[in-house]
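A short worksheet on the structure shown next.
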Amino acid sequence: MQMPTPDAGVIASREAILAGLRAILRDDGVIGDAESLVAYESDGLTAYRQLPLAVALPRTTQQVAQILRFCKQRRIKVVARGAGTSLSGGALPLADGLILGLARFNRILDIDYDNRTVTAQPGVTNLGITEAVREQGFYYAPDPSSQIACSIGGNVAENSGGVHCLKYGLTTNNVLGVELVTMEGEILRIGGKTLDAQGYDLLGIVNGSEGMLGVITEVTVRILPRPATARAALLGFPSVESAGQCVADIIGAGIIPAGMEMMDRLATQAAEDFLHIGYPLDAEAVLIVEADGIAAECDEILRRVEQIARTNGANTCRISNSEDERLRFWAGRKAAFPATGRFSPDFYCMDGTIPRRELARVLKAMQGMTEKYGLRVANVFHAGDGNLHPLVLYNANEPGQLERAEAFGAEILRLCVEVGGVLTGEHGVGVEKRDLMPEMFSEIDLAHQQRLKCAFDPELLLNPGKVFPQLHRCAELGRVHVHRGQLPHPELPRF
């Protein structure tokens, strides 16, 4: 059915949209048939699905700019999508919105060893950057568990971390510059190859912006020389509390490991059944602690770590004696999420961050929640910075289990905020945590955040319905979304 004209402030007909996009891309870069759109109906948060209006797959920044101008003129909503590995529903489509897929932006544009930088298009995988510089002895430090698949553009949008973020930081600490296209089609360059840029820290705003401010078409990251030595300790504890205390004692002793990860008994069992690493199955919690640097430094750090672990009752302590053994220690941790599929057909992966001192309290409270909701939880997390990833196990085919899993997850996140933590460490807010934002932010806080959004996207066309709690419901998803581009706070100025 023909809709009113764009001047009336509403979307054009679907046929006109597809024709307009094909005129811009002039190849096979427009997807409009229902069968092909299924591939884009969800992201890593698979409990919710929605076919988009259409998918556009540009190849150049100029095409991205043209598409965004085209959509702005017709008030078409746009959701940018990288590899679709988001675990918060960040790339979840809208029935009346376009998916702007960046999979064709898959080239590394520049490798500058003198300045220790790599400039890549957003569709390049996280691991692809390391692979490109490996032969010269360099690597890219942030390493999410999905690094073989997740894209660098998506990493910037969600401010992704990884097992080595304790020492080397999140994406925001390793990105030096981006090329960003606004909804008006303006191409901006923010930052570059230098350590810092003059003026306002716009780069800090873009990192973690979840595709709501602009579309990233180029990323410049710092690369690091690969450490001369890297070794890891595999530690088993008789209780989660003793493992948590060991974490606090290691940091309290002034030791900053390259990585420090914890898994509880259920997660350890799943990983061991999956990969046969040799994890101690009698341990209630397993801790992996890695040291890197020169050999003497690694030896001293691991000696002290083992001493602290023994003091906290560790009944298993193995130090890797080869690179293969070190990688095997980590392989189980990185495969822990999919490995839980051996225990449950579905899992709900949470992401909250707490002060390290509250670790034992929060884990104990989660055990109480398992009885309340009748669902099991497997805990995998970045122990060093308190970033929790509880996996709530459920069966979507059993009536009511998805709803209980969501309620379980929401209670975990409320607890994180209650003990002085935050709603997300690296997965973003998306739709998953959006309606929990008032648990952490006041109306004034949220209003100021929305003003920033309006400064970049006054029509609210970029990834609408994400991050901010909304007042109007979207029938297609049964979730809350922006209604006709209007803010839930009418008193806010429109930029």
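Here are the numbers:
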read-out	value
For Phe347, residues with placed amide H under 5 Å, excluding near neighbours	Tyr394
Bins of 10 Å, starting at 0 and running to the largest distance - Cα pair percent for the stretch 41-122	18, 40, 29, 12, 2
With every protein chain in place, the stretch 211-255: carbon and sulfur % of accessible area (1.4 Å)	53
Extension gain, Met437 back to Arg59 (0.36 nm per residue minus Cα-Cα distance, nm)	132.5 nm
Backbone N under 19 Å from the Gln449 label point (7 Å along Cα→Cβ), restricted to the stretch 348-362	350-355
Where the chain is the region considered: accessible area per residue in Å², 1.4 Å probe	41
Candidate aspartates and glutamates - alpha carbon under 16 Å from Lys193, same-chain residues fewer than 8 apart omitted	Asp110, Asp112, Asp114, Glu179, Asp201, Glu218
Residues Leu327 and Ala197, FRET efficiency given R0 of 56 Å [Cβ-Cβ distance, rounded to 0.05]	0.95
Spin-label pair His276/Ala335, simplified geometry with 7 Å Cα→Cβ offset, distance in nm	1.0
Fully extended contour minus Cα-Cα distance, from Ser13 to Arg226, at 0.36 nm per residue	71.4 nm
The chain - convex hull of the alpha-carbon atoms, volume per residue in Å³	151
Two-decimal ratio, the stretch 110-244, of alpha-carbon radius of gyration to 2.2 N^0.38 Å	1.16
Where Rh is the Kirkwood radius over Cα pairs, Rg/Rh for the stretch 310-462	1.04
15 Å reach of a label modelled at Ala23, 7 Å along Cα-to-Cβ, counting backbone N of the stretch 46-82	66-75
Neighbourhood net charge (10 Å Cβ-Cβ; Lys/Arg +1, Asp/Glu -1) for Arg189	-2
Where Rh is the Kirkwood radius over Cα pairs, Rg/Rh for the stretch 107-152	0.94
Heavy-atom SASA rank of His448, His382 (probe 1.4 Å, accessible area, largest first)	His448, His382
Accessible surface of the stretch 256-317 [probe 1.4 Å, protein heavy atoms]: carbon and sulfur percent	52
In the stretch 130-192, GluC sites (Glu not before Pro) in a DSSP loop with at most 16 other beta-carbon atoms within 10 Å	Glu184, Glu186
Debye intensity ratio in log₁₀ form over the Cα atoms of the stretch 72-113, taken at each q of 0.16, 0.19, 0.26, 0.27 Å⁻¹	-0.56, -0.68, -0.93, -0.96
Estimated translational D of the stretch 259-390 in µm²/s (Stokes, Kirkwood radius over Cα pairs; 25 °C; 0.890 mPa s)	156
Loop-located chymotrypsin sites (Phe, Trp or Tyr not before Pro) in the stretch 52-142, at most 12 other Cβ atoms within 10 Å (DSSP)	none
Karplus 3J(HN,Hα) series, Hz, for the stretch 175-182 with 6.51 cos²θ - 1.76 cosθ + 1.60 (x for Gly, Pro)	9, 9, x, 9, 9, 10, 9, 7
Theoretical FRET efficiency, 1/(1+(r/R0)^6), r = Cβ-Cβ of Thr370 and Glu403, R0 22 Å, to 0.05	0.85
Per-residue [θ]222 nm for the chain (sum of -39500 (n - 2.57) over DSSP H runs n ≥ 4, rounded to 500)	-9500 deg cm²/dmol
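The values are calculated or read from the model by the stated rules, or taken from the named source; none is laboratory data. This one's a predicted model, so the numbers in the text were calculated from it and none came from an experiment. Quick reminder, even Gly has a Cβ in these numbers, built from the backbone with ideal geometry, and neighbours come from all protein chains shown. Side chains are part of the model used for accessible areas, which takes the heavy atoms of the whole protein and leaves out ligands, DNA and RNA. Shrake-Rupley method; radii C 1.70, N 1.55, O 1.52, S 1.80 Å.
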